[in-house]
Structures are given as C-alpha cells and as structure tokens.
Amino acid sequence: MSAALQILAVGLGTYLLRVSAIAIVARSPETSDATQSTMRLIAPAVLAALLADQLFVRRGSVTLHWPWLIAAVVAGVVAYRWRSPGVTMLVGIAAAWLLDSAM
Amino acid sequence: MSESIRTLRAGGRAAVPLGVAGLPFGLVYGVAAAESNLSTWLGVAASWIVLAGAAQLTMVSLFDDGAAWPLVIGTALLINARFALYSTALASAFRQFPARWRFTLPYLLTDQAAALTIVHYDIEQDAARRRWWFLGAGLTFAMGWWTGTLLGVFAGDLIPADVDIAFAVPAMFIAMLVPTVVSRPMLAAALVAGVVTVVGAGLPSGLNVILAAVAAIAVVRLVDVGRG
C-alpha cells in the first residue's frame, strides 16, 4: 500500500475516532452526574499520559533525560503560577535548551 | 459584528497561545518529514489529512523503517484512540448542535482544542456560542500546526543545528495539563495515568498511553464511588 493511501486511511480512521461518541450519543438521553464526573477526568488523564510518555519513554524503554525532567518541573511551576500556555512553552523550551547545553 | 463572529474570535483568542505553541510542534514534524523518504507534498498533506502530531511523527519514523502498512496504520490509530475519549467528553455538548456541525467540527478535535473546550463549556451553556467558540479555538490551533509544518518542511534547514526545539512537545502538554487539573480526583487521575504510562513503556507506542488513561479514570472513579 502506498504511503499516500496509508496517510488517507489514518486520516479517515482518525476522523471516525473523533466523531465516534459524538455520533453515538447524539440520540441518547441526558447524561447522569456519575457520567459527568467520569468525563471530567478524561482530559487530565490523557494529557498526563501523553506527557509521561514524552518525558520518560524512549523507543519502548524507560529513559531518564535529566535536563528535560528539570525543565519539565520548571515549566510546571510556571504553568501553575502564571496559567499562560505561551509563557510556559517559552520558559520550558529555554530551560531545556540551557540545561541540555550545561549538563 | 454578529455574535457568531464575536464568539468565533473569542475562541480563536483563547487558543492563540496553544496555536503559537503548535508552531514549533509542527516545525519538529515538518523537519522530520523533510528528512524522511516521504515526498514533500505528502509530508505537508498529512498535516491536513490526519491533523495529529504524535501520530504523524510516528508514521514518518515507521515509513523510514520500512514498516508494513498494517503496522503503520494500526500504530497511528492506536496513538489517536484518545480522540474517542475526547469525543465522549464532548458528546453531550455536541448533541445540541445541528448535524452539519456535529459531523464537521470533530475534524478539528485535537488535544489542544479538547483541553480548552472542556474547560470553557463549564462556563458557556449556549449551544450556538459553544459551536462557534469551538470552531475558533480548533481552527486557531490547526493553523499553528499547518504553518509549523510548512516552515519545518521548507525552511527547516535555517534552524541552527544546536537549537533543540524538541522540548516544545512536552512543554505544550504541560501548558495544557496544568490548567485542566482543578480538583483532587483530576490530580489523582493525572498521577495514576503518568505512572501507568511509564510502567507500560514496553507496550507498542500509543497503547501504553490509552491504557494508562483508561486505567486512571477507572481507578479514580471506583475510589470515588467507594467513598460514597
């Protein structure tokens, strides 16, 4: 299968994943409180999993790259204190770059 | 200016920081695509067709490894399986939208758009404003991603070799995660998900992430219900 077809297949599959529950739930009754409480956990859980995968996992094994881990703590503090994605990104990238050159 | 356009712009403004953050992320992908054996136009087109950074980066490296097509498609969809979770989180809001919106807006459903929208829908209840806001936020992030891709593919050589922008990816997830954690159960879910992801490091790429997220949600809900 050519690369173009594979990209198209992934694009279509990804669209179906994105639309999945939205298409199904469209005709069902109002969601309960318990369902709402579960829904609220989705974003923190998925984002934390993606972040941990970025920080600790390289090619299927656990790897500790200290400059990145320290930069992540710095970025986390900045994100908590200033609540600005732009500032968090800039400080984080700068910290990782400085620490990578220094360590 | 009509209210729709005002709301569209408000969503766009809210997403500007993440859209700007999407630039270096797109740049990282664009450089990887340009250096791979993928043709230039296909590398660029993937950002429109798939619109999902982690999956696209993984596909490029699998293409370079000469991986078989079922592995490429399977891995990419596994990494993107998290979108079904976001779809679940937004379903009750989207069900108020007319079908033409309900089936087109999800194309713009990214980690960034989902993180912003889930928080915003707590304070915005009006269905019309909700969809215009999502359109503004989703498009703004996507434009950052598309621009970054183009820059990476066509101008990637201009980046000095010693400047490492790869940390843009985890930094963006930190910027998105921290504001979404506003309660103890959310903090617990984030911590459990992080630990399970690392424990599952040996699983195929993407599987550890989706398993960790589902496990964390299940554990925190069970503990919550157990406490009554």
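Please work out if B:VAL209 is facing chain A (nearest Cβ under 8 Å), touching a Pro at 6+ places or on another chain (Cβ under 8 Å) and crowded, with 23+ Cβ neighbours inside 10 Å.
no
Check region A:4-18 and report whether any residue there is at positive phi and either surrounded by fewer than 20 Cβ atoms within 10 Å (Cβ to Cβ) or in a helix (DSSP H, G or I) (or both).
No, that holds for no residue.
Among the residues of region B:180-206, count how many are outside any helix (DSSP H, G or I) and more than 7 Å from chain A (Cβ to nearest Cβ).
7
Is it the case that some residue within region A:34-46 is within 17 Å of the chain's Cα centre (by Cα), facing chain B (nearest Cβ under 7 Å) and in contact (Cβ under 8 Å) with a residue 12 or more places away in the chain?
No, that holds for no residue.
So in region B:100-142, with the set limited to residues that are free of Cβ contacts under 8 Å to residues at least 12 places away in the same chain and facing chain A (nearest Cβ under 8 Å), which one is surrounded by the fewest Cβ atoms within 10 Å (Cβ to Cβ)?
B:PHE103
For region B:143-176, what are the residues that are without any contact (Cβ under 8 Å) to a residue 40 or more places away in the chain and either within 19 Å of A:VAL87 (Cα to Cα) or of a type in the set (Asp, Glu) (or both)?
The answer is B:ASP157, B:ASP162, B:VAL163, B:ASP164, B:PHE167, B:PRO170, B:ILE174.
Please go through region B:60-76 and give me each residue that is more than 7 Å from chain A (Cβ to nearest Cβ), within 22 Å of A:ARG18 (Cβ to Cβ) and touching a residue at least 12 places away in the same chain (Cβ under 8 Å), ordered by number.
If the condition is that a residue be more than 7 Å from chain A (Cβ to nearest Cβ), within 22 Å of A:ARG18 (Cβ to Cβ) and touching a residue at least 12 places away in the same chain (Cβ under 8 Å), then B:VAL60, B:LEU62, B:THR75 are the ones that fit.
Any read-out appearing in this document is the output of simple, stated calculations on the displayed coordinates, not a laboratory observation. All figures in this text were calculated on a predicted structure; none of them were measured in a lab. So basically every Cβ, Gly included, is an ideal-geometry build from the backbone, and we count neighbours across all protein chains shown.
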